[in-house]
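Okay, structure first, notes after.
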Amino acid sequence: MRDPSYLLFGNLLTFRERPSAGAPLLLAECRTAPGAGAPPNRHPDDDEAFYILSGQYAFHVDGEERIAGAGDYIRIPNGAPHAFRNIGDAEASMLILNWPGRAHEAFFSGLGEAVPADTVPLAPPGPPPEAMLALLRREAAARGVELLV
């Protein structure tokens, strides 16, 4: 079975391990378009960590900014507000680890667009309109993730 991939917020997420396939966690390879990332969010049911493979990301965690590059590891305290953005001029990549991972598997697959793994991630042209944000907030909350936008 192929590893499913989803496009969400300018990130291409490919599941390498996932709870629905019997894994005790979600391991996603993430490729991020320049300028794209994840909006501020928090989640009480999944722990989360990031391992940067290439490029440079700005992480905002609990009100503090940290710039991270290849080889850096960022762990998010459970429930802490956080966001990230690719601050480079080229695609960046990282591994995202969520445990137990059920909330994030549902979030990424439920809100993301199923695409082939070789899809090139593109940054969204701008913030979504308020009606779309309201829908995204409701759909995210139903999956255990609170969007703070």
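A few comments on the model shown:
- When the range 38-52 is filtered for residues that are assigned to a strand (DSSP E or B) and farther than 14 Å from ALA92 by Cα, the ones remaining, listed by number, are PRO39, PRO40, ASN41, ARG42, ASP47, GLU48, ALA49.
- Those residues of the range 12-29 which are out of contact with any Pro (no Cβ under 7 Å at 6 or more places or on another chain), closer than 18 Å to LEU53 by Cβ and of a type in the set (A, V, I, L, M), in sequence order: LEU13, LEU27, ALA28
- Check on LEU12, surrounded by 15 or more Cβ atoms within 10 Å (Cβ to Cβ), more than 19 Å from VAL149 (Cβ to Cβ) and touching a strand residue (DSSP E or B) at 6+ places or on another chain (Cβ under 7 Å): yes
- Note on the range 90-147: among residues that are in a helix (DSSP H, G or I) and in contact with a Pro (Cβ under 8 Å, 6 or more places away or on another chain), the one that is surrounded by the most Cβ atoms within 10 Å (Cβ to Cβ) is GLU105.
- The range 60-89: number of residues that are surrounded by 21 or more Cβ atoms within 10 Å (Cβ to Cβ) and either aromatic (Phe, Trp, Tyr) or part of a loop (DSSP other than H, G, I, E, B) (or both): 1
- Taking first residues from the range 120-149 that are over 23 Å from ASP47 (Cβ atoms) and partners that are part of a helix (DSSP H, G or I) and not β-branched (Val, Ile, Thr), the Cβ contacts under 8 Å between residues at least 6 apart in sequence or on separate chains come to PRO127/LEU133; PRO128/LEU136.
- Residues that are surrounded by fewer than 21 Cβ atoms within 10 Å (Cβ to Cβ), in a strand (DSSP E or B) and not basic (Lys, Arg) within the range 15-37 comprise GLU17, LEU27, GLU29, listed in sequence order.
- Residue check for ASN11: within 10 Å of the chain's Cα centre (by Cα) and of a type in the set (S, T, N, Q): yes
Bear in mind these aren't lab numbers, they're just calculated from the coordinates by the rules spelled out. It should be emphasised that the depicted structure is a prediction, and the values quoted were computed from it without experimental measurement. All Cβ positions, glycine included, derive from the backbone under ideal geometry; neighbour counts span all protein chains shown.
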